[in-house]
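Here the structure is laid out as structure tokens; the discussion comes afterwards.
FYI, it's all coordinate maths here, none of it is from the lab. Every value quoted in this text rests on a predicted model; they were computed, and no experiment measured them. Note that each Cβ is placed from the backbone with ideal geometry, even for glycine, and that neighbours are counted across all protein chains shown.
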Amino acid sequence: MKKRTILLIGGARSGKSSYAEELAREIGGEVLFVATAEARDEEMRRRIEVHKKSRPAHWHTLEAPCKVGDCISKDNRILDVVVLDCVTLLVNNVLCQHMAVSGEDVDEKAVEADIKTEINSIIACMVQSLATYIMVTNEVGEGIIPLGASTRIYRDVLGRANQMLAKAVDEVYLMVAGIPLKVKPQN
């Protein structure tokens, strides 16, 4: 089967994760599920458990809230599919690291530099691998302009990360109400 590189983008509850899992099941073989979520509270712990139970037991799971590309590159298994769910939380995790140091007064250029490093590392893994990559991210640029500076930084940096990934992959699907709409390549 030919290697594919896929980005699934859409709003909250648009069906991105479900579709990513569906694609991975269809491709089959050795699947590595890369989870970026961190259980910072009880509600998030419950969400993570629900997601874990939705995946086949034979899939491998790699919990990597940051330095995702480095973590994937250290995995020595021969993989057929890598599912990265999700870039949205990866960006959140990096921003939270910066906020832990400087509070709400984060340096956008520093956050963006760290995110570019993260995304370039993921792209390098994707390019070097024979596995199909399916990456999930949120589209956050269609809402209102956030009031807080750190929220605006988050939206802007995630938007730029999404652009980097969309440029690097072969296929992009916009998820709307559980329906994948092909954006790249255009027919």
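Restricting the trypsin sites (Lys or Arg not before Pro) of the range 91-187 to loop positions (DSSP other than H, G, I, E, B) with no more than 16 neighbouring Cβ atoms within 10 Å leaves nothing. Segment residue 170..residue 127, full-extension length gain: 14.4 nm, with 0.36 nm per residue of separation and the alpha-carbon distance subtracted.
Between the range 112-187 and the range 1-47, the alpha-carbon centres lie 13 Å apart. Using a cutoff of 8 angstrom between alpha carbon atoms and counting only pairs six or more residues apart, the relative contact order for the chain works out to 36 percent.
Per residue of the chain, the DSSP helices (runs of n ≥ 4 H) give a summed -39500 (n - 2.57) that works out to -15500 deg cm²/dmol at 222 nm.
Of the GluC sites (Glu not before Pro) in the range 22-124, the ones in a loop by DSSP (not H, G, I, E or B) with at most 11 other beta carbons within 10 Å are 104. Other residues with beta-carbon under 14 Å from the beta-carbon of residue 117 carry, at +1 per Lys or Arg and -1 per Asp or Glu, a net charge of 0. Computed about its Cα centre, the charge dipole of the range 3-83 is approximately 100 debye, with only Lys, Arg, Asp and Glu carrying charge at their Cβ. Report which label in [x] 10.9; [y] 11.8; [z] 13.4 holds the value of mean projected area of the Cα convex hull in nm² derived from the coordinates of this structure. It is the one labelled [x]. Computed from phi, the 3J(HN,Hα) profile of the range 105-114 under the Karplus parametrisation 6.51, -1.76, 1.60 (θ = phi - 60°) reads 8, 7, 8, 4, 5, 5, 4, 4, 4, 5 Hz, with x in place of Gly and Pro.
If both residues of a DSSP beta bridge must be in the chain, then about 15% of such bridges are antiparallel.
Our compactness index for the range 104-187, the C-alpha radius of gyration over the empirical 2.2 N^0.38 Å, is 1.23. Summarising the amide proton neighbourhood of residue 34: residues at separation of 5 or more, or on other chains, whose placed amide H is nearer than 5 Å comprise 62, 83, 84, 85. On the beta carbon distance between residue 53 and residue 152, with R0 = 45 Å, the FRET formula returns roughly 0.80.
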